[in-house]
Amino acid sequence: MLSSFGILNRMLFWELLRVFLFCLTGLTGICLIAGLVQQAQQMGLSQSQILQAIPLLIPTTLPWTIPATTLFASCVVYGRLANDNEIVAIKAAGIDLYTILRPAVGIGLVTAAVTGGLAYSVIPRTWQQLQAQIMQDPEEVLYNLLKKERRYSSPSFPYSIFVRDVQGRRLIDVIVKRRKKVPTQNGAELYHDYDVVARAREAKLVVDLDKGTLSIDPDRWVVNGQNTVLETEGNRPMDIPLPDMFSAKNIKARPMSLEFDELPGRIAEWKQKLAEREAARQANREKADREPDPEKRKLYAAQDMHHKAQIDDANRQIRNVEYEMWSRPAIAVGCLCFALIGCPVGIWSNRADYLSTFVICFLPTVMVYYPLMLAGGGLAKDGKVPMLVGVWGANAAAAFAALVLTWRLIRR
(Lines give C-alpha, C1' and ligand atoms only; values in the text may rest on other atoms or scores of the structure.)
Protein backbone atom coordinates (compact mmCIF):
# COMPACT_ATOMS: atom_id res chain seq x y z
CA MET A 1 0.00 0.00 0.00
CA LEU A 2 2.82 2.41 0.83
CA SER A 3 4.40 1.78 -2.54
CA SER A 4 1.09 2.58 -4.26
CA PHE A 5 0.91 5.82 -2.31
CA GLY A 6 4.40 6.66 -3.53
CA ILE A 7 3.47 5.96 -7.15
CA LEU A 8 0.29 8.06 -6.88
CA ASN A 9 2.13 10.97 -5.32
CA ARG A 10 4.85 10.88 -7.95
CA MET A 11 2.31 10.70 -10.78
CA LEU A 12 0.40 13.70 -9.46
CA PHE A 13 3.54 15.70 -8.76
CA TRP A 14 4.98 15.21 -12.26
CA GLU A 15 1.62 16.04 -13.82
CA LEU A 16 1.49 19.23 -11.74
CA LEU A 17 5.05 20.08 -12.76
CA ARG A 18 4.33 19.46 -16.47
CA VAL A 19 1.24 21.69 -16.52
CA PHE A 20 3.03 24.28 -14.38
CA LEU A 21 6.01 24.57 -16.76
CA PHE A 22 3.76 24.70 -19.82
CA CYS A 23 1.59 27.49 -18.38
CA LEU A 24 4.57 29.35 -16.90
CA THR A 25 6.21 29.57 -20.31
CA GLY A 26 3.10 31.05 -21.89
CA LEU A 27 2.26 33.47 -19.10
CA THR A 28 5.84 34.69 -18.74
CA GLY A 29 6.05 35.25 -22.48
CA ILE A 30 2.85 37.32 -22.44
CA CYS A 31 4.03 39.43 -19.50
CA LEU A 32 7.42 39.89 -21.11
CA ILE A 33 5.99 41.12 -24.40
CA ALA A 34 3.17 43.20 -22.92
CA GLY A 35 5.04 44.80 -20.07
CA LEU A 36 8.79 44.60 -19.75
CA VAL A 37 9.70 44.88 -23.42
CA GLN A 38 7.57 48.03 -23.59
CA GLN A 39 9.36 49.31 -20.49
CA ALA A 40 12.71 48.57 -22.11
CA GLN A 41 11.67 50.60 -25.15
CA GLN A 42 10.71 53.48 -22.88
CA MET A 43 14.20 53.26 -21.37
CA GLY A 44 15.58 53.92 -24.83
CA LEU A 45 16.91 50.45 -25.66
CA SER A 46 17.16 49.56 -29.32
CA GLN A 47 15.75 46.29 -30.68
CA SER A 48 19.14 44.60 -30.53
CA GLN A 49 19.63 45.82 -26.97
CA ILE A 50 16.17 44.53 -26.01
CA LEU A 51 17.04 41.09 -27.39
CA GLN A 52 20.19 41.11 -25.30
CA ALA A 53 18.22 42.30 -22.26
CA ILE A 54 15.42 39.69 -22.45
CA PRO A 55 17.37 37.09 -20.40
CA LEU A 56 17.84 39.80 -17.75
CA LEU A 57 14.16 40.80 -17.86
CA ILE A 58 12.71 37.28 -17.54
CA PRO A 59 13.60 36.77 -13.83
CA THR A 60 11.76 39.97 -12.92
CA THR A 61 8.45 38.57 -14.22
CA LEU A 62 8.73 35.23 -12.44
CA PRO A 63 7.76 36.32 -8.87
CA TRP A 64 4.46 37.49 -10.40
CA THR A 65 3.86 34.62 -12.82
CA ILE A 66 5.01 31.67 -10.68
CA PRO A 67 2.32 32.03 -7.93
CA ALA A 68 -0.46 32.47 -10.49
CA THR A 69 0.80 29.53 -12.55
CA THR A 70 1.00 27.35 -9.43
CA LEU A 71 -2.68 28.06 -8.77
CA PHE A 72 -3.64 27.37 -12.37
CA ALA A 73 -1.70 24.09 -12.57
CA SER A 74 -3.19 22.87 -9.30
CA CYS A 75 -6.72 23.63 -10.47
CA VAL A 76 -6.22 21.98 -13.85
CA VAL A 77 -4.64 18.75 -12.59
CA TYR A 78 -7.07 18.15 -9.73
CA GLY A 79 -10.00 19.20 -11.92
CA ARG A 80 -9.01 16.50 -14.40
CA LEU A 81 -8.79 13.93 -11.60
CA ALA A 82 -12.32 14.77 -10.48
CA ASN A 83 -13.66 14.89 -14.03
CA ASP A 84 -12.26 11.43 -14.81
CA ASN A 85 -13.74 10.07 -11.56
CA GLU A 86 -10.26 9.22 -10.30
CA ILE A 87 -11.01 10.93 -6.97
CA VAL A 88 -13.93 8.51 -6.50
CA ALA A 89 -11.66 5.59 -7.36
CA ILE A 90 -9.00 6.78 -4.92
CA LYS A 91 -11.54 7.03 -2.09
CA ALA A 92 -13.03 3.64 -3.02
CA ALA A 93 -9.53 2.14 -2.74
CA GLY A 94 -9.38 3.33 0.85
CA ILE A 95 -6.86 6.08 0.21
CA ASP A 96 -7.54 9.21 2.26
CA LEU A 97 -7.60 12.59 0.60
CA TYR A 98 -4.57 13.73 2.60
CA THR A 99 -2.54 11.61 0.20
CA ILE A 100 -3.54 13.52 -2.90
CA LEU A 101 -2.82 16.81 -1.10
CA ARG A 102 0.86 15.95 -0.72
CA PRO A 103 1.79 16.65 -4.38
CA ALA A 104 0.04 20.04 -4.13
CA VAL A 105 2.04 20.85 -1.01
CA GLY A 106 5.17 19.62 -2.78
CA ILE A 107 4.71 21.78 -5.87
CA GLY A 108 3.84 24.72 -3.59
CA LEU A 109 7.03 24.29 -1.58
CA VAL A 110 9.15 23.92 -4.72
CA THR A 111 7.73 27.04 -6.39
CA ALA A 112 7.97 28.98 -3.11
CA ALA A 113 11.65 28.02 -2.79
CA VAL A 114 12.35 28.98 -6.42
CA THR A 115 10.55 32.32 -6.07
CA GLY A 116 12.34 33.07 -2.81
CA GLY A 117 15.70 32.20 -4.35
CA LEU A 118 15.05 34.48 -7.32
CA ALA A 119 14.07 37.37 -5.06
CA TYR A 120 16.98 36.73 -2.71
CA SER A 121 19.78 37.48 -5.17
CA VAL A 122 19.03 36.57 -8.80
CA ILE A 123 16.62 39.41 -9.60
CA PRO A 124 18.73 42.14 -7.91
CA ARG A 125 21.79 40.96 -9.84
CA THR A 126 19.95 40.93 -13.17
CA TRP A 127 18.71 44.48 -12.51
CA GLN A 128 22.28 45.56 -11.82
CA GLN A 129 23.45 43.85 -15.02
CA LEU A 130 20.68 45.55 -16.99
CA GLN A 131 21.69 48.93 -15.62
CA ALA A 132 25.33 48.19 -16.43
CA GLN A 133 24.29 47.24 -19.96
CA ILE A 134 22.54 50.59 -20.37
CA MET A 135 25.66 52.39 -19.16
CA GLN A 136 27.85 50.68 -21.76
CA ASP A 137 26.56 53.09 -24.40
CA PRO A 138 24.51 55.86 -22.77
CA GLU A 139 24.75 58.03 -25.87
CA GLU A 140 22.95 55.36 -27.92
CA VAL A 141 20.24 55.08 -25.27
CA LEU A 142 19.71 58.85 -25.20
CA TYR A 143 19.58 59.04 -28.98
CA ASN A 144 17.00 56.22 -29.03
CA LEU A 145 14.90 57.94 -26.36
CA LEU A 146 14.95 61.23 -28.21
CA LYS A 147 14.22 59.54 -31.53
CA LYS A 148 11.20 57.76 -30.06
CA GLU A 149 9.80 60.40 -27.69
CA ARG A 150 11.25 63.58 -29.24
CA ARG A 151 12.01 64.72 -25.69
CA TYR A 152 13.75 63.74 -22.48
CA SER A 153 12.54 64.92 -19.08
CA SER A 154 12.57 63.52 -15.57
CA PRO A 155 11.15 64.88 -12.27
CA SER A 156 14.61 64.68 -10.67
CA PHE A 157 16.49 66.11 -13.68
CA PRO A 158 16.85 69.91 -13.87
CA TYR A 159 16.88 70.02 -17.69
CA SER A 160 14.36 69.12 -20.38
CA ILE A 161 15.57 68.33 -23.91
CA PHE A 162 13.30 68.59 -26.95
CA VAL A 163 14.13 67.75 -30.57
CA ARG A 164 12.20 67.87 -33.85
CA ASP A 165 14.05 64.90 -35.35
CA VAL A 166 17.03 62.60 -34.86
CA GLN A 167 19.12 61.65 -37.88
CA GLY A 168 21.82 59.20 -36.95
CA ARG A 169 23.94 61.02 -34.38
CA ARG A 170 22.49 64.45 -35.21
CA LEU A 171 19.75 66.16 -33.25
CA ILE A 172 17.66 68.48 -35.42
CA ASP A 173 16.12 71.66 -33.97
CA VAL A 174 17.22 71.20 -30.36
CA ILE A 175 15.68 73.01 -27.41
CA VAL A 176 17.18 72.73 -23.93
CA LYS A 177 15.22 74.16 -21.02
CA ARG A 178 16.59 74.58 -17.52
CA ARG A 179 14.10 74.31 -14.68
CA LYS A 180 14.36 76.23 -11.46
CA LYS A 181 13.67 74.96 -7.96
CA VAL A 182 10.54 76.24 -6.29
CA PRO A 183 9.83 75.69 -2.56
CA THR A 184 6.59 73.89 -1.74
CA GLN A 185 4.26 74.46 1.20
CA ASN A 186 5.82 71.62 3.23
CA GLY A 187 9.33 73.03 2.87
CA ALA A 188 10.55 70.72 0.10
CA GLU A 189 11.84 71.93 -3.28
CA LEU A 190 10.59 70.82 -6.66
CA TYR A 191 11.70 71.61 -10.18
CA HIS A 192 9.10 73.87 -11.75
CA ASP A 193 8.95 76.38 -14.60
CA TYR A 194 11.97 77.38 -16.72
CA ASP A 195 14.45 80.19 -16.21
CA VAL A 196 16.74 79.54 -19.23
CA VAL A 197 15.87 78.23 -22.73
CA ALA A 198 18.57 77.50 -25.33
CA ARG A 199 17.91 76.56 -28.96
CA ALA A 200 20.15 75.23 -31.75
CA ARG A 201 19.47 74.17 -35.33
CA GLU A 202 21.34 70.91 -34.77
CA ALA A 203 23.60 69.32 -32.17
CA LYS A 204 25.19 66.07 -31.06
CA LEU A 205 25.54 64.41 -27.67
CA VAL A 206 28.78 63.54 -25.89
CA VAL A 207 28.69 61.62 -22.59
CA ASP A 208 31.59 61.68 -20.15
CA LEU A 209 30.98 58.95 -17.57
CA ASP A 210 34.10 59.84 -15.59
CA LYS A 211 32.95 63.43 -15.06
CA GLY A 212 29.27 62.51 -14.96
CA THR A 213 28.34 65.09 -17.59
CA LEU A 214 26.29 65.23 -20.76
CA SER A 215 27.64 67.66 -23.34
CA ILE A 216 25.31 69.03 -26.03
CA ASP A 217 27.52 70.23 -28.89
CA PRO A 218 25.54 72.59 -31.25
CA ASP A 219 26.21 74.60 -34.38
CA ARG A 220 25.37 77.66 -32.27
CA TRP A 221 23.07 78.57 -29.40
CA VAL A 222 20.33 81.15 -29.09
CA VAL A 223 19.81 81.55 -25.34
CA ASN A 224 16.75 83.16 -23.77
CA GLY A 225 17.05 84.06 -20.11
CA GLN A 226 14.53 85.73 -17.85
CA ASN A 227 15.75 89.18 -18.90
CA THR A 228 18.22 88.60 -21.75
CA VAL A 229 18.55 87.05 -25.20
CA LEU A 230 22.03 85.87 -26.24
CA GLU A 231 23.24 84.38 -29.51
CA THR A 232 26.61 82.61 -29.25
CA GLU A 233 29.33 82.66 -31.89
CA GLY A 234 30.28 79.21 -33.24
CA ASN A 235 29.62 75.94 -31.48
CA ARG A 236 29.92 76.26 -27.74
CA PRO A 237 29.00 72.94 -26.02
CA MET A 238 26.62 73.01 -23.10
CA ASP A 239 27.65 70.71 -20.25
CA ILE A 240 24.84 69.52 -18.01
CA PRO A 241 24.71 66.81 -15.31
CA LEU A 242 24.26 63.27 -16.58
CA PRO A 243 20.77 61.93 -15.75
CA ASP A 244 20.69 59.62 -12.75
CA MET A 245 19.64 56.59 -14.83
CA PHE A 246 23.12 56.62 -16.42
CA SER A 247 25.05 57.15 -13.23
CA ALA A 248 27.05 54.32 -11.65
CA LYS A 249 25.71 55.34 -8.24
CA ASN A 250 22.19 54.66 -9.53
CA ILE A 251 22.83 50.93 -10.05
CA LYS A 252 21.98 50.15 -6.42
CA ALA A 253 19.84 53.21 -5.73
CA ARG A 254 16.54 51.31 -5.98
CA PRO A 255 15.69 48.78 -3.23
CA MET A 256 14.82 46.10 -5.81
CA SER A 257 18.43 46.25 -7.03
CA LEU A 258 19.73 45.21 -3.61
CA GLU A 259 20.31 41.61 -2.63
CA PHE A 260 18.36 40.49 0.41
CA ASP A 261 21.44 40.55 2.66
CA GLU A 262 22.04 44.19 1.71
CA LEU A 263 18.57 45.43 2.68
CA PRO A 264 19.15 45.62 6.49
CA GLY A 265 22.32 47.64 5.87
CA ARG A 266 20.45 50.10 3.64
CA ILE A 267 17.76 50.47 6.32
CA ALA A 268 20.46 51.18 8.93
CA GLU A 269 21.99 53.84 6.63
CA TRP A 270 18.67 55.64 6.22
CA LYS A 271 17.91 55.42 9.95
CA GLN A 272 21.25 57.07 10.64
CA LYS A 273 20.42 59.84 8.16
CA LEU A 274 17.00 60.17 9.80
CA ALA A 275 18.58 60.59 13.23
CA GLU A 276 20.95 63.25 11.84
CA ARG A 277 18.12 65.16 10.22
CA GLU A 278 15.99 65.00 13.36
CA ALA A 279 18.93 66.31 15.40
CA ALA A 280 19.44 69.16 12.91
CA ARG A 281 15.75 70.05 13.11
CA GLN A 282 15.86 70.05 16.91
CA ALA A 283 18.95 72.27 16.90
CA ASN A 284 17.23 74.67 14.50
CA ARG A 285 14.17 74.84 16.75
CA GLU A 286 16.32 75.57 19.80
CA LYS A 287 18.03 78.43 17.95
CA ALA A 288 14.61 79.77 16.92
CA ASP A 289 13.43 79.73 20.55
CA ARG A 290 16.46 81.78 21.62
CA GLU A 291 16.21 84.27 18.74
CA PRO A 292 14.55 87.58 19.74
CA ASP A 293 14.37 89.02 16.20
CA PRO A 294 10.94 88.18 14.62
CA GLU A 295 12.33 88.31 11.08
CA LYS A 296 15.06 85.80 11.87
CA ARG A 297 12.51 83.60 13.62
CA LYS A 298 10.61 83.48 10.33
CA LEU A 299 13.77 82.24 8.61
CA TYR A 300 14.17 79.55 11.23
CA ALA A 301 10.53 78.56 10.72
CA ALA A 302 11.11 78.21 6.98
CA GLN A 303 14.21 76.14 7.69
CA ASP A 304 12.15 73.94 10.01
CA MET A 305 9.83 73.08 7.13
CA HIS A 306 12.86 72.15 5.05
CA HIS A 307 14.11 69.84 7.81
CA LYS A 308 10.65 68.29 8.06
CA ALA A 309 10.66 67.55 4.33
CA GLN A 310 14.04 65.84 4.66
CA ILE A 311 12.78 63.78 7.63
CA ASP A 312 9.68 62.75 5.68
CA ASP A 313 11.89 61.70 2.76
CA ALA A 314 14.11 59.59 5.03
CA ASN A 315 11.06 57.90 6.56
CA ARG A 316 9.72 57.20 3.09
CA GLN A 317 13.02 55.67 1.99
CA ILE A 318 13.10 53.47 5.10
CA ARG A 319 9.57 52.22 4.44
CA ASN A 320 10.40 51.49 0.79
CA VAL A 321 13.37 49.32 1.76
CA GLU A 322 11.41 47.65 4.55
CA TYR A 323 8.63 46.88 2.08
CA GLU A 324 11.16 45.23 -0.23
CA MET A 325 12.47 43.11 2.64
CA TRP A 326 8.99 42.02 3.75
CA SER A 327 7.45 41.53 0.30
CA ARG A 328 10.03 39.12 -1.12
CA PRO A 329 9.26 36.24 1.28
CA ALA A 330 5.55 37.12 1.19
CA ILE A 331 5.36 36.61 -2.58
CA ALA A 332 7.19 33.29 -2.22
CA VAL A 333 4.79 32.01 0.48
CA GLY A 334 1.88 32.96 -1.80
CA CYS A 335 2.88 30.05 -4.07
CA LEU A 336 2.12 27.53 -1.31
CA CYS A 337 -1.20 29.20 -0.50
CA PHE A 338 -2.24 29.10 -4.16
CA ALA A 339 -1.32 25.43 -4.52
CA LEU A 340 -3.53 24.56 -1.54
CA ILE A 341 -6.40 26.68 -2.88
CA GLY A 342 -6.23 25.08 -6.32
CA CYS A 343 -6.50 21.49 -5.08
CA PRO A 344 -9.98 21.60 -3.43
CA VAL A 345 -11.40 24.12 -5.91
CA GLY A 346 -10.22 21.99 -8.83
CA ILE A 347 -11.85 18.88 -7.34
CA TRP A 348 -15.14 20.67 -6.66
CA SER A 349 -15.23 22.33 -10.07
CA ASN A 350 -14.90 18.90 -11.70
CA ARG A 351 -13.66 20.42 -14.98
CA ALA A 352 -10.89 19.19 -17.26
CA ASP A 353 -10.49 22.11 -19.68
CA TYR A 354 -8.31 25.17 -19.20
CA LEU A 355 -11.02 27.76 -19.91
CA SER A 356 -13.39 26.55 -17.21
CA THR A 357 -10.57 26.42 -14.69
CA PHE A 358 -9.53 29.94 -15.66
CA VAL A 359 -13.04 31.32 -15.14
CA ILE A 360 -13.96 29.36 -12.00
CA CYS A 361 -10.80 29.61 -9.92
CA PHE A 362 -7.82 31.32 -11.48
CA LEU A 363 -9.42 34.60 -12.49
CA PRO A 364 -11.41 35.26 -9.26
CA THR A 365 -8.50 34.34 -6.98
CA VAL A 366 -5.92 36.43 -8.83
CA MET A 367 -8.33 39.36 -9.11
CA VAL A 368 -8.68 39.35 -5.31
CA TYR A 369 -5.13 38.43 -4.21
CA TYR A 370 -3.06 40.84 -6.30
CA PRO A 371 -5.24 43.94 -5.68
CA LEU A 372 -5.09 43.18 -1.94
CA MET A 373 -1.32 42.76 -2.12
CA LEU A 374 -0.75 45.94 -4.14
CA ALA A 375 -3.17 48.04 -2.09
CA GLY A 376 -1.75 46.75 1.19
CA GLY A 377 1.79 47.38 0.01
CA GLY A 378 0.90 50.92 -1.01
CA LEU A 379 -0.68 51.63 2.39
CA ALA A 380 2.35 50.14 4.15
CA LYS A 381 4.79 52.27 2.14
CA ASP A 382 2.71 55.35 2.93
CA GLY A 383 2.89 54.49 6.64
CA LYS A 384 -0.89 54.17 6.96
CA VAL A 385 -0.84 50.53 8.12
CA PRO A 386 1.88 48.41 9.79
CA MET A 387 4.27 46.76 7.34
CA LEU A 388 3.29 43.27 8.54
CA VAL A 389 -0.41 43.90 7.91
CA GLY A 390 0.03 45.63 4.56
CA VAL A 391 2.46 43.13 3.05
CA TRP A 392 1.13 39.89 4.51
CA GLY A 393 -2.59 40.73 4.48
CA ALA A 394 -3.19 39.16 1.05
CA ASN A 395 -1.27 36.05 2.08
CA ALA A 396 -3.26 35.80 5.31
CA ALA A 397 -6.51 35.90 3.33
CA ALA A 398 -5.20 33.30 0.86
CA ALA A 399 -3.95 31.04 3.66
CA PHE A 400 -7.28 31.27 5.47
CA ALA A 401 -9.16 30.40 2.27
CA ALA A 402 -6.79 27.47 1.64
CA LEU A 403 -7.29 26.07 5.16
CA VAL A 404 -11.08 26.38 5.00
CA LEU A 405 -11.31 24.82 1.55
CA THR A 406 -8.94 21.97 2.50
CA TRP A 407 -10.84 21.31 5.74
CA ARG A 408 -14.13 21.11 3.88
CA LEU A 409 -12.61 18.80 1.27
CA ILE A 410 -11.30 16.39 3.91
CA ARG A 411 -14.60 16.35 5.81
CA ARG A 412 -16.85 15.63 2.86
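Of all the accessible heavy-atom surface of the stretch 82-140, with the other protein chains kept in place and a 1.4 Å probe, what percent is carbon and sulfur? C and S atoms contribute 57 percent here. Note on the stretch 290-396: lysine pairs with Cα distance below 24 Å, sequence gap of 8 or more or different chains, count 4.
Around the Cα centre of the stretch 317-412, unit charges on the Cβ atoms of Lys, Arg, Asp and Glu (plus for the first two, minus for the last two) sum to a dipole of about 280 debye. The share of accessible area on the stretch 276-375 that comes from carbon and sulfur is 60 percent, using a 1.4 angstrom probe. When only Cα pairs below 8 angstrom with a gap of at least 6 residues are kept, the stretch 296-412 shows a relative contact order of 34 percent.
Taking all C-alpha pairs of the stretch 303-374, those more than 16 Å from each other amount to 65 percent.
Counting only residues at least eight positions apart within a chain, or on another chain, the aspartates and glutamates with an alpha carbon under 12 Å from that of Lys177 are Asp193, Asp195.
Seen from Ala283, the other residues with C-beta closer than 13 Å to its C-beta sum to a net charge of -1, counting Lys and Arg as +1 and Asp and Glu as -1. In the full protein context, the stretch 303-343 carries 34 Å² of accessible surface per residue, based on a 1.4 Å probe and ignoring ligands, DNA and RNA.
In the full protein context, the stretch 250-302 carries 68 Å² of accessible surface per residue, based on a 1.4 Å probe and ignoring ligands, DNA and RNA.
Express the Stokes-Einstein translational diffusion coefficient of the stretch 243-402 in µm² s⁻¹, to the nearest whole number, given a Kirkwood radius over alpha-carbon pairs, 20 °C and a viscosity of 1.002 mPa s. Here the translational diffusion coefficient equals 111 µm²/s. Placing +1 on the Cβ of every Lys and Arg and -1 on the Cβ of every Asp and Glu, with no other charges, gives the stretch 253-412 a dipole of roughly 480 debye about its Cα centre.
In terms of the mean number of neighbouring beta-carbon atoms within 10 Å, the peptides 275-286, 309-320 order highest first as 309-320, 275-286.
The values are calculated or read from the model by the stated rules, or taken from the named source; none is laboratory data. Bear in mind the structure is a predicted one, so any value in this text is a computation, not a measurement. Every residue, glycine as well, gets a Cβ built from its backbone with ideal geometry; the counts of neighbours run over all protein chains shown. These area figures cover heavy atoms from the full protein model, side chains too; ligands, DNA and RNA do not enter into them. Shrake-Rupley method; radii C 1.70, N 1.55, O 1.52, S 1.80 Å.
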